[in-house]
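The values are calculated or read from the model by the stated rules, or taken from the named source; none is laboratory data. Quick caveat: nothing in here was measured; it's all calculated off a predicted structure. Cβ placement follows ideal geometry from the backbone for every residue including glycine, while neighbour counts extend to all protein chains displayed. When the accessible area is computed, the model is the full protein with side chains, heavy atoms only, and any ligands, DNA or RNA have been set aside. Shrake-Rupley method; radii C 1.70, N 1.55, O 1.52, S 1.80 Å.
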Amino acid sequence: QVQLVESGGGSVQAGGSLRLSCAASGRTVSALVMGWFRQAPGKEREFVAVISRSGFNTAYTESVKGRFTISRDNAKNTVYLQMNSLKSEDTAVYYCAADPVGVKVSPDYWGQGTQVTVSS
């Protein structure tokens, strides 16, 4: 079992920034592809960002490209999502996810989520 715990969510005004953190335990982050998903009220959970085991490769959903940055610190078993220029449509519960192979389709492990609310 891998445990993932998100933190850093909160309420901000449009145009503001937040940094989400995901701390992993039970297995080192270096062994896992890590990613972020989000789910807004009444909508399906959607992929946001992914980062490779090495940190060399990242990918983002089009709506956050240029505004969000995913990064990882394997020494601290932690993955981050830096969110800049936040918009009201970014409001959602953000979930950290991990998988030994890939996270974009059906990750093996999920965190409990952290709420991000952006007011316009």
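Comparing Ser52, Ser11, Ser21, which has the greatest mean-square fluctuation in the GNM of the chain with Cα pairs linked when under 10 Å apart?
Ser11
Do any chymotrypsin sites (Phe, Trp or Tyr not before Pro) in the stretch 31-120 lie in a loop, going by DSSP, with at most 10 other beta-carbon atoms within 10 Å of their beta carbon, and if so which?
Hits after loop and neighbour filter: Phe56.
With +1 on each Lys and Arg Cβ and -1 on each Asp and Glu Cβ, how big is the dipole of the stretch 11-61 about its Cα centre, in debye rounded to the nearest 20?
Once rounded to the nearest 20, the dipole reads 100 debye.
Taking amide H positions as placed in the peptide plane 1.01 Å from N, state which residues far from Phe68 in sequence (5 or more) or on other chains have amide H under 5 Å from it.
Residues meeting the amide H criterion: Asn84.
Under 18 Å between alpha carbons, and skipping anything fewer than 8 positions from Lys65 in its own chain: which lysines qualify?
Reachable lysines: Lys87, Lys104.
Show me the trypsin sites (Lys or Arg not before Pro) within the stretch 1-74 that DSSP assigns to loop and that have at most 12 other Cβ atoms within 10 Å of their Cβ.
Those satisfying the criteria are Lys43, Lys65.
For the chain, just run the numbers: alpha carbon Rg, then divide by 2.2 N^0.38 Å, N being how many residues it has. Show your work: numbers first, answer last.
Details: Rg = 13.2 Å, N = 120, 2.2 N^0.38 = 13.6 Å.
Normalised Rg, Cα atoms only: 0.97.
With every protein chain kept in place and ligands, DNA and RNA left out, what is the accessible area per residue of the stretch 1-56? Probe 1.4 Å, answer in Å². Walk me through the numbers before you get to the answer.
Values: 2850 Å² over 56 residues.
I get 51 Å² per residue for this part.
Counting other Cβ atoms within 10 Å of each Cβ, which GluC sites (Glu not before Pro) in the stretch 2-53 have at most 15 and sit in a DSSP loop? Before the final figure, lay out each step's value.
Working: sites: Glu6, Glu44, Glu46; in loops: Glu44.
Hits after loop and neighbour filter: Glu44.
Can you tell me, using C-alpha contacts under 8 Å and at least 6 residues apart, the relative contact order of the stretch 16-120 as a whole percent? Can you show the working numbers first?
Numbers: 216 pairs, mean separation 33.5, N = 105.
It rounds to 32 percent for the stretch 16-120.
Tell me, what is the 1.4 Å probe accessible area of Thr61, in Å² to the nearest 10?
Accessible area, nearest 10 Å²: 30 Å².
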